[in-house]
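K.L.:
Here's a structure for you.
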């Protein structure tokens, strides 16, 4: 579903991400750990196609197609969706209209589908409010996931879905992500793959990931069982990951 081959990413004249190689197969969910400022969000932005984030080396292949020459909206139409760590407020745009615009399948019963999605996200009372305006951290995350459920992407990029979220909201967010990634289906039947950025790893209490990576200073330091990686990070901190990378180099 997604293959990054020796990808390097620059912002302006500064290279932030260096020689990253990741392969996510159909139906798999992978987790990307790392300290703040390690380049995780930069990598996701480059996959999604934001112009500020320039891929200066390597290639990105989505569903068998090289996508570096495609714009952000073209990648979204192909089936890539993203949930942001800090989504913007969209003044003048109702949440209901945003969800309607995100719907992958247009039906005669659009209003009913939107209401069903809003009920799952516990956002029925927010549909006629401006997107993210006055929303709490948890409400913003649920709104983002509601839009992704409407979009039904083949690949979903989640940037720290647990950031700024309390314990009550994170359980709902975990349920929404599980539905988005079709976790109730056998992996061979799933149509959606995922890459989740996490600093704390809390989201993995609610969403299972198949493979984990640690990114430090823009490089992938290790790859393995995400729960084993998280155990090491909790016990020794990301400083140990950095020391490990130095020893291996």
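Read-outs throughout are calculated quantities, based only on the coordinates presented, and are distinct from any laboratory measurement. What you see is a predicted model, and the numbers here were worked out from it, not measured in a lab. As a convention, Cβ positions derive from the backbone with ideal geometry for all residues, glycine included, and neighbour counts pool all protein chains shown.
K.L.:
Could you count how many residues in region 130-148 are over 21 Å from residue 191 (Cα atoms) and touching a strand residue (DSSP E or B) at 6+ places or on another chain (Cβ under 8 Å)?
P.N.:
Of the residues in that region, 6 qualify.
K.L.:
Any residue at all in region 89-108 that's on the phi > 0 side of the Ramachandran plot and within 23 Å of the chain's Cα centre (by Cα)?
P.N.:
Taking every residue of region 89-108 in turn, none turns out to be on the phi > 0 side of the Ramachandran plot and within 23 Å of the chain's Cα centre (by Cα).
K.L.:
Taking region 117-138 only, how many residues are exposed (fewer than 12 other Cβ atoms within 10 Å of the Cβ) and under 18 Å from residue 179 (Cα atoms)?
P.N.:
1
K.L.:
Conditions first: (1) in contact with a strand residue (DSSP E or B) (Cβ under 7 Å, 6 or more places away or on another chain); (2) buried (at least 18 other Cβ atoms within 10 Å of the Cβ); (3) within 22 Å of residue 179 (Cα to Cα). Residue 102 passes all but one, so which condition is the exception?
P.N.:
Here residue 102 meets the rest and fails (1).
K.L.:
Could you pull out every one of the strands (runs of 3 or more DSSP E) wholly within region 152-249 that has 3 or more residues that are under 19 Å from the mean Cα position of the chain (by Cα), touching a residue at least 12 places away in the same chain (Cβ under 8 Å) and within 29 Å of residue 139 (Cβ to Cβ)?
P.N.:
By residue number, 155-159, 193-198.
K.L.:
Turning to a different aspect of this structure: What number of residues within region 125-137 satisfy the criterion of being farther than 25 Å from residue 111 by Cβ and either assigned to a strand (DSSP E or B) or within 17 Å of the chain's Cα centre (by Cα) (or both)?
P.N.:
Selection size over region 125-137: 1.
K.L.:
Give me the helices (runs of 4 or more DSSP H) completely within region 1-115, filtered to those with at least 1 residues that are closer than 27 Å to residue 229 by Cβ, ordered by residue number.
P.N.:
Values: elements: 40-48, 72-78, 95-102.
The helices (runs of 4 or more DSSP H) meeting that bar are 40-48.
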